[in-house]
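Where a number appears in this text, it was derived from the coordinates with a stated rule and is not lab data. On a predicted model such as this, the values are computed, not experimentally measured, just so you know. Virtual Cβ from ideal backbone geometry, glycine too; neighbours counted across all protein chains shown.
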Amino acid sequence: MHDDIAKIRKDYKKFQLIESNIDSNPYKQFGLWLNEAISAEVEEPTAMTLATISTKGFPTARIVLLKGFDEKGFVFYTNYDSRKGKHIKKNSGVALVFFWKELERQVRIEGEAVKLSKKESDEYFESRPRESQISACISEQSATIPDRSFLEMMKQMFVKKQGEKPINRPEHWGGYLVIPRRIEFWQGRENRLHDRIKYCSKDNKTWRINRMAP
């Protein structure tokens, strides 16, 4: 380990998060922050860490992309037979984290992941670029494969067989809605005295707001 890692420090001074300037609705507050991240040209503003619990009880995490949100929850799409899909099938409890370093902000979300309807998944799949549709069809996500050339071969075989015909969404691929029970907004502040505002709800309708110690 490099000797200077422990000396890496950054002080956060750009913004503040106080009770008088937050929305009582966490979805509206999230929308405000997301729009500010997009306007600030944050790289990959919809990228979020998705954490699941393995079948053996270990936490595991990866980056996925937010594809929509409203007052029902937060949406992402994946292969249902992937490692994360198998985890969610066994334990629907998940966590999401957004980190917008340019704005010195993060959002933490904890809740339950449920499958979207087939209609919703079909509509989104149809909106994807054709190359992305092909990838969803040929990739057995999280399965062990021999090498890169195997993927290229699978793609060539699929394209040859499919021709120019429309590609239907495979049954193993679709969306999840994360229904939050807790949403926390974190704003970096000077000297590690960060702002943390937590929203909690049992019904995803009535939200209790508290400030957390940094």
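Below are the figures for this structure:
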| item | result |
| --- | --- |
| Cα shape, the stretch 2-92, gyration tensor, a/c 1.5 rule | oblate |
| Candidates T46, T144, T78: whichever shows maximal mean-square fluctuation once the chain is modelled as a Gaussian network with Cα springs under 10 Å | T144 |
| Length released on extending from I145 to A213, taking residue separation times 0.36 nm less the Cα-Cα span | 19.8 nm |
| Positive-pole candidate from L17, Q162, I109, dipole of the chain, charges at beta carbon | I109 |
| All lysines inside 28 Å of K7 as judged from Cα atoms, apart from same-chain residues fewer than 8 positions distant | K101 |
| Charge dipole magnitude, Cβ of K and R +1, D and E -1 - the chain, Cα centre, debye nearest 20 | 680 debye |
| Efficiency of FRET between K89 and N168 - r from beta-carbon atoms, R0 25 angstrom, step 0.05 | 0.65 |
| Gyration tensor (Cα) of the chain, equivalent ellipsoid semi-axes in angstrom | 35, 21, 17 |
| Where labels lie 7 Å past Cα in the beta-carbon direction, separation of I18 and D70 in nm | 3.6 nm |
